[in-house]
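We did not get these values from a lab; they are worked out from the coordinates using the rules stated. Predicted, not measured: the structure shown is a model, and the values here were computed from it. As a convention, Cβ positions derive from the backbone with ideal geometry for all residues, glycine included, and neighbour counts pool all protein chains shown.
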Amino acid sequence: MADDPSARDERWQIRIRDLHKSFGAQQVLRGVNLDIERGRINIIIGGSGQGKSVLMKHLMGLMAPDRGQIYVDGQDIIGLGDVAIAKIQRKFGMVFQYAALFDSLNVVENIAFPLLERYHLPKQEVLERVRDLLTRLDLAGMSGVEQKFPAELSGGMRKRVGLARALIDRPEILLYDEPTTGLDPIATKNVDEMIRRTADDFGVTSVVISHDMASTFRIGDRIAMLYEGVIVASGERREILAAPNPVLREFVETSGAVHFGGGAS
Amino acid sequence: MTAPAATPTGAGSPPELAPGRGFRPLAAVGRLFAPLPGAVALFGEHIILLARALIWLFRRPFRLRLFLDQMEFVGVGSLPIIMLVGFFTGAVTALQAILALSLFEQQRYVGFGVGISLARELAPVFTALMVTARAGSGMATELASMRITEQVDALTTFAVNPVQYLVSPRLVASALMLPVLCMVFNILGLIGGYVVAIISYQIDLGQVLELFRHGVDPIDYIQGLIKAFFFGVTMATCSCYQGLNVRGGAKEVGLATTRAVVSTSVTVLVLDYLLIQIMNVLFPYGGM
């Protein structure tokens, strides 16, 4: 951690330093320090209202911190102008909790939206890229799926369409906002597999915020815990399992998903 | 709520109710105006949203389709209700005018009365209120749902400015379509008035038309249309503001819609008064 975060690093893609954010009198982030590793699945866990979503919004430049720095590939993104931040935002794809698909657009239009907004590409090329993604995410098999509207899709399908929309512009970093919230165990497992496969197939850096412990220990390469506005523990999954921080240990064991001492269940 | 370092008043008696030694008129006046800073801030936030929507209007990319979609929603979608309300407003105005004028045996002036009240007042205000109930509430609900389902955040992640994408088209569509709808209201209102004149009472129809033509000036229509333009701006601003600033769930979406309709309606009526005062200076009223 003593090295210079403003230099591009082969291992760490995002480096967060001393990030503070308050809303009125409420201090949400109180000096977050965290490194996100390139090409792997980084999971940030924490209870409700601990500032996970706020942290995530800072990563994409959707929110400005009170103080602190965020370096993406060595570039400090805090205080950048509209154009520069838009350039940084192109490195990111975000998968929202409930997909956040645009109601007024059908599946193809939703997935193509980032391309159509950012570039002047020929329609045929956009459509080919959308179809290619639909196939890779196992969405192409359903008949007439392209012309369906979000309201006609199931929760799991919406999530995959949301993922397709996040992937269409070939981002380097994918952010997932509580991807398994509100899903049954089977659907949760499917989403876990989807995250794993996406990380492997597309080679993206994944940042997942979650309070689902079972998922976290199933797919997370690196795990960090946000508690009362600071990162209380972070490291490789086996490091976390071998020497858990007391707060993290309580949080995880209460969930019943993982038991320490004997390794992951 | 008690102010610090107050003069001791009788135990258990709130200072508001004890106009004795403890009553401080300045504090009472202060309490009366306590909501004022909040109201001023709210007004300011509306103006800021309006200014941002106007600035983003002239920045690339221009998405013509969004503007046309909104014009269809505000304009074409509101046409049936405006025609219906316009017709009956004209009819009712004529009915009442005939009753009043019959006291002086001057029923023939009904064309003038209906024409001028529609052009200057009824058409712009009723159009604004009807379109607010229909399209303004729709805008607030749509934007509020988009906000709580994170669709607005999603726009931002694709480097799309939500004000440019969502507010500017609604603003332009409302500002352009309200005058058009107002004119439709005028026409249907006159037809309604004329029908009443025909079927209900024995009036010389030639005189109705003639007095209408001579009594109502194009400037009366222009004034009405200018008002409708500003009412359109008001409606889009209030509705989009309430929609975009919602927090929470389904209940808050409903509340945002209610607030949008109420704040637009009140603002339209207050603005109406101010615009009349301004336009009376700009276009001195000549009457007949």
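Convex hull volume of the Cα atoms of region B:133-197, normalised per residue: 68 Å³.
Toward the positive end of the charge dipole of the protein assembly as shown, with +1 on the Cβ of Lys and Arg and -1 on the Cβ of Asp and Glu, the farthest Cα among A:THR254, B:VAL110, B:LEU49 is that of B:LEU49. Per q in 0.13, 0.15, 0.21 Å⁻¹, report the Debye log10 I(q)/I(0) for region A:58-209, using one uniform scatterer on each alpha carbon and no solvent. At q = 0.13, 0.15, 0.21 Å⁻¹ the computed log10 ratios are -0.62, -0.81, -1.41.
Restricting region B:78-159 to GluC sites (Glu not before Pro) that sit in a DSSP loop and have at most 14 other Cβ atoms within 10 Å of their own Cβ leaves B:GLU105. Our compactness index for region B:88-139, the C-alpha radius of gyration over the empirical 2.2 N^0.38 Å, is 1.43. Per residue of peptide B:156-164, the mean number of Cβ atoms on other chains within 10 Å of the residue Cβ is 6. Tell me which of B:THR257, A:PHE96, A:ILE36 sits at the most positive position along the dipole axis of the protein assembly as shown, charges placed on C-beta atoms (Lys, Arg +1; Asp, Glu -1). Going by the charge dipole, the pick is A:ILE36. For the protein assembly as shown, give the magnitude of the charge dipole about the Cα centre (Cβ charges: +1 Lys/Arg, -1 Asp/Glu; no others), in debye to the nearest 20. Rounded to the nearest 20 debye, it is 420 debye. Per residue, chain B reaches -24000 deg cm²/dmol at 222 nm when only DSSP H runs of four or more residues are counted, each adding -39500 (n - 2.57).
Computed over Cα pairs, the Kirkwood radius of region B:126-252 leads via Stokes-Einstein (0.890 mPa s, 25 °C) to a diffusion coefficient of 144 µm² per second.
Averaging 1/r over every pair of different alpha carbons in region B:164-217 and inverting the result gives a Kirkwood radius of 13.6 Å. Averaged over peptide A:89-97, the number of partner chain Cβ atoms lying within 10 Å of each residue's Cβ comes to 3.
Taking the square roots of five times each eigenvalue of the Cα gyration tensor of region A:182-265, the equivalent ellipsoid has semi-axes of 21, 15, 13 Å, listed largest first. In terms of Cα atoms, the Rg and Dmax of chain A work out to 18.6, 57 Å. Per-residue ellipticity at 222 nm, computed for chain A from helices alone with -39500 (n - 2.57) per DSSP H run of at least four residues, works out to -11000 deg cm²/dmol. Cα convex hull, region A:201-243: 90 Å³ per residue, rounded to a whole number. Restricting region B:95-137 to chymotrypsin sites (Phe, Trp or Tyr not before Pro) that sit in a DSSP loop and have at most 11 other Cβ atoms within 10 Å of their own Cβ leaves B:PHE104.
Using only the Cα atoms of region A:1-96, build the gyration tensor, take square roots of its eigenvalues as a ≥ b ≥ c, and label the shape rounded, prolate or oblate: rounded if a/c is under 1.5, else prolate if a/b is larger than b/c, else oblate. It comes out rounded by the Cα gyration axes. Its Kirkwood hydrodynamic radius, worked out from the mean inverse distance over all distinct Cα pairs, puts region B:102-168 at 15.5 Å. Using a 10 Å Cβ count of at most 14 others and DSSP loop calls, identify the longest part of chain A lacking such trypsin sites (Lys or Arg not before Pro). Segment A:12-265 is the longest. Screening chain B for whole DSSP H helices of 24 Å or more along their axis (Cα) with average Kyte-Doolittle hydropathy at least 0.5 returns B:36-57, B:79-102, B:168-200, B:218-244, B:250-282. Cross-link partners for A:LYS91 among the lysines, with Cα-Cα distance under 29 Å and sequence neighbours closer than 8 places in the same chain left out: A:LYS21, A:LYS52, A:LYS57, A:LYS123, A:LYS148, A:LYS159, A:LYS189.
Averaging the Cα positions of each part gives two centres, and for region B:106-168 and region A:88-106 these lie 28 Å apart. Taking only the alpha carbons of the protein assembly as shown, we obtain Rg and Dmax values of 30.7, 102 Å in that order. For chain B, the longest piece that avoids every one of the trypsin sites (Lys or Arg not before Pro) found in DSSP loops with at most 16 other C-beta atoms within 10 Å covers B:64-246. Charges were assigned to the Cβ only: +1 to each Lys and Arg, -1 to each Asp and Glu. The resulting dipole of chain B about its Cα centre is roughly 820 debye.
Once the mean of 1/r is taken over each pair of separate Cα atoms and inverted, chain B shows a Kirkwood hydrodynamic radius of 21.7 Å. Other chains near A:51-57: what is the mean number of their Cβ atoms within 10 Å of each residue's Cβ? Taking all residues of A:51-57 together, the mean is 1. For region B:56-169, a Kirkwood radius taken over Cα pairs fed into Stokes-Einstein (4 °C, viscosity 1.567 mPa s) yields D = 75 µm²/s. The Cα atoms of region A:161-225 define a convex hull whose projected area, averaged across directions, is 4.3 nm². Modelled spin-label separation between B:GLU252 and A:GLU128, with each label point placed 7 Å from Cα along the Cα-to-Cβ direction: 4.5 nm.
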